[in-house]
Amino acid sequence: MNRFWLDSYPKKTPHDINLDEYASVPDVLAHACNKYPNNIAYSNFGTTMTFSEVNEKSLQFADFLQNTLGLKKGDSIAIMLPNILQYPIALFAAMRIGVIVVNVDPMYTVRELTHQLNDARVETILFLENFGDTVAKAMPKTKLKRVISTRVGDCLDFPMNIVINSVLRYVKKAIPKFHIPGMMNFKKVLKKGNKENVTEAKLNHQDILFLQYTGGTTGVAKGAILTHGNLVANMLQAKAWIGDKLQPGKDVIVAPLPIYHIFSMTANVLTMMSLGCTNLLITNPKDFEGFVKILKKNKFNSITGVNTLYRKLMNAEGFNEIDFSGLKLTLSGGMSVTKDVADDWKNITGSAIVEAYGLTETSPAATINPLDLKEHNGYIGLPLSSTLIQIKDEDGNDVGIDTEGELCVKGPQVTQGYWKRPDETQKAFTEDGYFRTGDFATINSEGYIKILDRKKDMILVSGFNVFPNEIEAILMLHPDIIEAAAIAMPDELSGEAVKIFVVKSNDKLTEKEVNAYCREQLTAYKCPKAIVFMDELPKSNVGKILRKNLR
């Protein structure tokens with residue numbers, strides 16, 4: 001078994017994990033279902049699903065995928081859902097028969113969805129009908145053959161299922177008109193599934209579990225290959241870090257971050273599942289009034305989020321009336337935690353925000369602070385078990401204690417590379433096998449790591465990576481735009497937001513038109529919050545746009 005360790009820094013991490021404990025994520029699921037069959041695994045809109053029900057329903061859907069649609073090990077399925085009960089059912093069904101899961105942001109535009117489906121060679125998709133128009137428009141440009149739709153309320157108890165679906169369709173008018181020939185209904189196919197007919201795949205650590213898409217410096221989203229071994233490792237690392245601080249089979253964790261994001265996928269859906277804990281799924285965390293009402297009705301012990309979510313939640317009406325007496329863990333990742341948010345959260349809830357650090361490519365956790373942290377400390381913590389960290393200079397040399405350099409990671413949770421992109425994979429690793437994070441950091445004598453700066457051009461919006469090249473490439477397709485550049489601007493709510501500089505060929509082009517164009521082509525968090533028209537963009541001697549001058 002491969003073992004990694006923090007070799008040149010103080011050994012502050014827990015003991016090495018035993019990767020041989022589980023061969024695959026379905027092995028972890030089987031263990032949880034056998035040990036905690038009657039415990040509530042997931043809760044959503046007042047409907048609960050026990051581990052036994054997760055086991056049974058995932059086998060029913062696996063039967064449909066395997067024996068009706070003919071999916072086999074190595075095929076892929078795209079899941080385009082918010083946090084609803086259908087997600088874990090479909091997720092575990094695909095895992096059990098060895099099908100690769102491609103997690104899709106439901107807010108994708110047609111262009112973004114088309115790229116991801118084609119890049120991952122997806123022929124099967126499960127999506128929420130609220131986004132059916134996007135799927136319908138993308139489908140002719142892809143190799144999609146099998147399309148399954150579902151409604152938010154399809155797995156909820158009566159009468160909530162009727163209420164939710166009716167309100168979305170007739171009151172909020174949230175369901176667009178679309179037509180996809182041969183489209184199947186999730187609720188109907190689930191009922192037809194026979195759990196006895198499934199032949200579960202023989203899986204090992206090398207088998208691919210996720211193609212998890214992330215931005216790229218080329219402006220094209222690329223799929224990080226995450227194997228069963230990567231996710232098993234990160235779950236075991238998380239459990240080693242948790243130790244006896246949480247109660248297996250008893251605690252409840254709030255899951256407001258989207259499951260399609262690797263942070264929530266690993267921390268909530270998989271790690272807490274392995275502990276037999278309950279995930280309280282928040283379908284629309286942007287409805288902070290509704291979010292607060294849910295928290296008032298449910299006792300909970302943990303919550304995961306990002307800095308911006310915690311700030312908006314604290315500003316929501318009724319937040320101070322929530323019972324925080326059982327809160328043991330407030331975990332934050334995806335973006336830096338600001339001191340004001342950390343202080344306010346601790347004062348109101350009594351729980352310190354524990355900051356972690358990771359990337360899509362590290363499944364995601366690489367470092368984390370101690371769970372019993374009393375106050376937010378401004379560090380991203382210590383390396384997880386079996387994780388080796390080095391701070392390297394431009395030549396790939398380890399610079400040691402208290403010296404700035406690029407944070408590099410090696411461990412069993414680190415991706416093997418990018419799907420169909422050997423050149424990108426090669427650039428992402430050092431000669432001695434460390435993954436280059438692109439973040440600049442230092443490490444102190446106690447082993448704590450502090451992020452000093454990021455890859456300069458990347459924009460971090462509410463924990464989501466936004467790469468300027470993608471935005472600029474889209475802007476340059478507009479017939480009235482000659483040149484464009486995108487940079488980060490400070491934003492009180494999202495940490496950073498996108499600001500663009502545009503040189504136009506048509507004087508009649510307005511900010512309103514540019515905004516509308518961006519909304520058609522880009523996911524909302526990638527759209528600019530500020531637009532500046534210029535006569536010319538600053539450039540280097542070789543004609544490269546100087547974003548640093550714009551900053």
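Applying the criteria of a DSSP loop state and at most 12 other Cβ atoms within 10 Å to the trypsin sites (Lys or Arg not before Pro) of the range 105-212 yields LYS143, LYS145, LYS172, LYS173, LYS177, LYS202. With θ taken as phi - 60° and the Karplus curve 6.51 cos²θ - 1.76 cosθ + 1.60 applied, the whole-hertz 3J(HN,Hα) list for the range 437-445 is 7, x, 9, 9, 8, 10, 10, 8, 5 Hz, x standing for glycine and proline. Taking 0.36 nm per residue of separation and subtracting the Cα-Cα distance, full extension of the segment from THR510 to GLU375 would add 43.9 nm. Taking only protein heavy atoms and a 1.4 Å probe, the accessible area of the range 19-86 is 44% carbon and sulfur. For the range 286-420, the share of accessible area belonging to carbon and sulfur comes to 44 percent (1.4 Å probe, ligands and nucleic acids excluded). Using a simple spin-label model with pseudo-atoms 7 Å out from Cα toward Cβ, ASN38 and ASN118 lie 5.4 nm apart. Taking every DSSP beta bridge that has both ends in the range 43-191, the antiparallel portion is near 10%. Near ILE391: Cβ cut-off under 11 Å, other residues only, Lys/Arg at +1 and Asp/Glu at -1. The net charge is -4.
Put a dot 7 Å past the Cα of ASN347, heading toward its Cβ, do the same for MET458, and the two dots end up 3.2 nm apart. Working note: 222 nm ellipticity from helices only, DSSP H runs with n ≥ 4, each -39,500 (n - 2.57), summed and divided by the residues of the chain, gives -7500 deg cm²/dmol to the nearest 500. Taking packing as the residue-averaged number of other Cβ atoms within 10 angstrom, the listed peptides 46-55, 90-99 run from highest to lowest as 90-99, 46-55. Were the residues from ASP323 through GLU56 laid out at 0.36 nm apart, the gain over their Cα-Cα distance would be 92.7 nm. For the chain, what proportion of DSSP beta bridges, expressed in % and rounded to the nearest 5, is antiparallel? Here the antiparallel bridges make up roughly 55 percent for the chain.
Here the gap between GLU21 and LYS293, fully extended at 0.36 nm per residue and compared with their Cα-Cα distance, gives a gain of 93.9 nm. Rounded if a/c is under 1.5, else prolate if a/b is larger than b/c, else oblate: which is the chain, with a ≥ b ≥ c the root eigenvalues of its Cα gyration tensor? Rounded is the answer for the chain, as its axis ratio a/c remains below 1.5. Of the DSSP beta bridges with both residues in the range 209-316, give the percent that are antiparallel, rounding to the nearest 5. Approximately 45 percent, going by the DSSP bridge assignments.
Global dimensions of the range 309-420 from alpha-carbon coordinates: Rg and Dmax equal 17.0, 54 Å. Kindly identify the range 100-238 as rounded, prolate or oblate by the Cα gyration tensor criterion: order the square roots of the eigenvalues as a ≥ b ≥ c, call it rounded if a/c is under 1.5, otherwise compare a/b with b/c, prolate if a/b is larger, else oblate. Because a/c hits 1.5 or more and a/b fails to exceed b/c, the range 100-238 counts as oblate. A simple rule links phi to the HN-Hα coupling: the Karplus curve 6.51 cos²θ - 1.76 cosθ + 1.60 with θ = phi - 60°, which for the range 526-535 gives 8, 6, x, 9, 9, 10, 10, 8, 10, 6 Hz, with x for Gly and Pro. The local environment of LYS299, defined by Cβ-Cβ distances under 15 Å, has a net charge of +2 under the rule Lys, Arg +1 and Asp, Glu -1. Here the label points at ARG169 and GLN426, each 7 Å from Cα along the C-beta direction, are separated by 5.4 nm in the simple model.
Among the GluC sites (Glu not before Pro) in the range 404-480, those located in a DSSP loop and surrounded by at most 10 other Cβ atoms within 10 Å of their own Cβ are GLU431.
Note that the range 180-196 has calculated 3J(HN,Hα) couplings of 10, x, x, 5, 9, 9, 4, 4, 6, 5, 5, 5, 7, x, 10, 5, 6 Hz, one per residue in order, obtained from phi through the Karplus relation 6.51 cos²θ - 1.76 cosθ + 1.60 (θ = phi - 60°); glycine and proline are x.
Take the chain with all the other protein chains still there, run a 1.4 Å probe, and you get 42 Å² of accessible area per residue. Within the range 464-515, the trypsin sites (Lys or Arg not before Pro) that combine a DSSP coil assignment with at most 11 other C-beta atoms in a 10 angstrom radius are LYS508. What a 1.4 Å probe finds exposed on the range 171-241 is 51% carbon and sulfur by accessible area, rounded to a whole percent. Only Cα pairs under 8 Å and 6+ residues apart enter the sum, and on that basis the relative contact order of the chain stands at 14 percent.
The values are calculated or read from the model by the stated rules, or taken from the named source; none is laboratory data. Keep in mind it's a predicted model, so treat the numbers as computed, not measured. When we count neighbours, we look across all protein chains shown, and the Cβ atoms used for this are built from the backbone with ideal geometry, even at glycine. Just so you know, the surface numbers come from the protein's heavy atoms only, side chains and all, with ligands and any DNA or RNA stripped out. Shrake-Rupley method; radii C 1.70, N 1.55, O 1.52, S 1.80 Å.
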